[in-house]
Amino acid sequence: MRELHDYKGLVLGSRLKRASDALFAGVDAIYRAHGVDLTSRCFPLLFLLRDNGPTRVTALAAQLGQSHPAVSQMSRTLASHGAIVERADPADERRRVLALSPKGTALLSRMEDVWKAIIGAVDDLSAEAGVDLVAAVSGIEAALRQGGFADRIEARLRLQRGESVEIIPFEPRYRDDFKRLNVEWLEKYFYVEAIDHDVLSHPESHILEQGGSILLARYHGEIVGTCALIKAGRGRFELAKMAVTERYQGLRIGHTLLTTAIAQFKQTGGRTLFLESNAKLKRALDLYEANGFRHAPRPRGGSHYQRADVYMVYQPGHKAP
């Protein structure tokens, strides 16, 4: 008889759900045995309220990765058990926030020993399976933030049909594309600063003639992505001006541009490759970390960009945990 594992990745979702259901069932059984009639699915919301204080449902839904109706329903269940209460938002009395009740706080306090045992059991499972389960799930979540699964499947189909992305060097005829892609990205997330306008309008004098380089991603004859290595001193290069048009998500264009830029940096013999970004660009930061960049203190002198609140340095051989 054939088993589900014979189909490898085709039924991965079903197998993960089966494993997830087993974990939930086990924890729920332990909770019931210790007099807790709430399911384990309720506790992440309680953790967030404990750690962050009174919070609106919208914010909770975003942090949990669940829909607003689902979190509202869960909050009603918790309220009926007396674990949480609803109150007016001190910042705006027209809005409501959820908060832990004294009963909810007491519940979390008395569950500490049970949670230590659960964590130990997860460690045991990891050891038996030969893989760090928590790290593996975190890695999958980070990868999915870089590109949804449907996008990845579609990208594979395109590759199977012989459709591929080319990485080519800058040419003057692509000057407008270089600027267009970056302006499109900046206007979506921030705004175009004076330094952006200057560099994007004159890439030859600001980047190429200073010893840097510009890479372009071409797909079916269209320029769909770009990034640059800007020379910032002896042996120092900045990875900058990375942008990919939204119309072609799922082809891993950003990853390909980044790895090509890193390879080009190594060919220069440079000592330091750094970048500046913003903490809200979670997908971009995941991509950088997955390819060897690490957060580091910003050198003296500050940033060229008002939007930059993250400084990262490439460390060869290091990958995200």
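What follows is calculated from the coordinates using simple rules that are stated; it is not laboratory data. Nothing here was measured: the structure is a model prediction, and the numbers come from that model. In this analysis, Cβ positions are derived from the backbone assuming ideal geometry, glycine residues included, and neighbour counts consider all displayed protein chains.
Measuring nothing but alpha carbons in the stretch 164-314 and taking Rh as the Kirkwood radius, the Rg to Rh ratio lands at 0.92. Across the stretch 4-146, the mean sequence separation of Cα contacts (distance under 8 Å, 6 or more residues apart), normalised by length, yields a relative contact order of 15 percent.
Backbone amide hydrogens, once placed in the peptide plane, bring residue 56 within less than 5 Å of 98, excluding anything fewer than 5 places away on its chain.
Packing-based ranking of 275-288, 118-131 yields 275-288, 118-131, ordered from highest to lowest mean Cβ neighbour count within 10 Å. The relative contact order of the chain comes to 11 percent, based on Cα pairs under 8 Å that sit 6 or more residues apart.
Taking θ as phi - 60° and the Karplus parameters 6.51, -1.76 and 1.60, the scalar couplings of the stretch 79-88 work out to 5, 5, 8, x, 7, 9, 10, 10, 8, 5 Hz in sequence order, x denoting glycine and proline. Backbone amide hydrogens, once placed in the peptide plane, bring residue 292 within less than 5 Å of 320, excluding anything fewer than 5 places away on its chain. Taking 20 °C and 1.002 mPa s as the conditions, I'd like the Stokes-Einstein D for the chain in µm²/s, using the Kirkwood hydrodynamic radius from alpha carbon pairs. It comes out at roughly 91 µm²/s.
Between amide H atoms placed 1.01 Å from N, distances below 5 Å from residue 101 occur with 84, 85, all of them 5 or more places distant or on a separate chain. Bridges between two residues of the chain, per DSSP, are antiparallel at a rate of about 90%. Annotation: lysines with alpha-carbon distance below 25 angstrom to residue 17 (same-chain offsets under eight excluded): 8, 116.
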